[in-house]
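Working notes for the structure below.
The values are calculated or read from the model by the stated rules, or taken from the named source; none is laboratory data. Just so it is clear, the model here is predicted, and its values are computed rather than measured. We place every Cβ from the backbone using ideal geometry, glycine too, and count neighbours over all the protein chains shown.
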C-alpha cells in the first residue's frame, strides 16, 4: 500500500524533473539555469525508463512571495534585498562609531552594490578595500573585533570563503573557548553572496553553509527576503558571537518588499512557520523557501496533502524546538487517525 508520504516524495521528484518545462518567473534566472539534482532525481522517478542512457539536466523555478508589511518598526520603503542590506549597514555605521566595513571592492559599492554610497557618507577609514586575500580579510576582522570594534567583513562570493576556513573555524569560533571566556571576537560578522543565479559556474554558485553548520562558536544565518535580510543582519552584527551571514544572490534584485527604514532586529535561532499543515513538514532556508512554498501548493492541489512550511533562517544553532514541535503534532494526528 502506497502511503501519503511516498506519494508526496514521488510528486516532489516529478516537480523537479518537470521544472524545465515551466515558465521561469524570477527575473534573471534565465534558460541557462541547470540543476544536477534534476539528473539525480531523474533516476529515481518511477515514470522514467531505467535503461535510458542519455539523461537531461533540468531547472526548477520559483516565484518570490513578499512578506506582509511590518508597520510596527515605523515607516517603510520599497527595497530589494541588496538595498535592505545597504540599509542595515547604514543604520549600523550611523549608530556605532566603532563599526567598520571592509572587503574586496566594498569601497566602490561591491560587486552586487550592497555597500554603494557608504564610503562617501562615512569616510574611507570606515569603509575600505582590502587585498584579494580572504584569509587576511577574516584574520583582520578577528583582530578588529578582539580590540573591541564592530567588524563587518565581506567575502565577495561565498565560494571564496574556503581560503579563510582555518581563520573562521580554528580562530574565530574558538576564541572565547580557548581563553576561558576572557576574550572573544563576538563583534565579527562575515557577509557573503550565496547560492546560484543561473550563471557563474562552479566558482560563483556554491552554497557552503553545511561546512560551517557543525562548528560550535559560530552562528550561520540565511534570509529569504529583504525584510528578513535587514533584521537578521542587524541581529548578527549585535550578537556576541561571530556570525556568517549568507545572502541569496538570486534574490538581490528579484526580491522586493516594503522594508522598515529604521533599525530593527529579527531574533536569531528562531524558525518561522510560514504555513501550517498536518501531513508533511517542509524545512528550508534562503531561496529554497520559495521553491518549497510552490511544492506545498502543488502537493495540496494534486495529492490533497497538507504541508507545514518552516523557514529555518538560522542554520546554526537551529531552532530544534519549533521543528520538533511540528513533527510531534503530526505524529499525534497520525496516531489519532489510525
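Brief remarks on what is shown
A quick yes/no check of all residues on (1) outside the structural domain of residue 81 (by TED's automatic domain parsing); (2) in contact with a helix residue (DSSP H, G or I) (Cβ under 6 Å, 6 or more places away or on another chain); (3) within 28 Å of residue 251 (Cα to Cα):
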| residue | (1), (2), (3) |
| --- | --- |
| 94 | no, no, yes |
| 104 | no, no, yes |
| 108 | no, no, yes |
| 120 | no, no, yes |
| 139 | no, yes, no |
| 164 | no, yes, yes |
| 185 | no, yes, no |
| 191 | no, no, yes |
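- Considering each residue of region 229-237 in turn, none proves to be in contact (Cβ under 8 Å) with a residue 40 or more places away in the chain and assigned to a loop (DSSP other than H, G, I, E, B).
- In region 178-211, the residues that are closer than 20 Å to residue 238 by Cβ and surrounded by 18 or more Cβ atoms within 10 Å (Cβ to Cβ): 184, 185, 186, 187, 188, 189, 190, 191, 192
- Any hit, region 239-251, residues being assigned by TED's automatic domain parsing to the domain that holds residue 101 and either farther than 24 Å from residue 93 by Cβ or without any contact (Cβ under 8 Å) to a residue 12 or more places away in the chain (or both): yes
- Filtered residue count, region 242-299, keeping only those that are at positive phi and buried (at least 20 other Cβ atoms within 10 Å of the Cβ): 1
- Scanning region 68-109 for residues that are surrounded by fewer than 16 Cβ atoms within 10 Å (Cβ to Cβ) and under 23 Å from the mean Cα position of the chain (by Cα), we see that the one that is modelled with the lowest pLDDT is 68.
- Considering region 104-115, and only residues there that are free of Cβ contacts under 8 Å to residues at least 60 places away in the same chain and touching a strand residue (DSSP E or B) at 6+ places or on another chain (Cβ under 8 Å), the residue that is nearest to residue 89 (Cα to Cα) turns out to be 115.
- Residue in region 116-135 that is within 20 Å of the chain's Cα centre (by Cα) and either without any contact (Cβ under 8 Å) to a residue 24 or more places away in the chain or at positive phi (or both) present: no
- No other residue among 199, 290 is within 25 Å of residue 159 (Cβ to Cβ), touching a residue at least 60 places away in the same chain (Cβ under 8 Å) and assigned to a loop (DSSP other than H, G, I, E, B) apart from 199.
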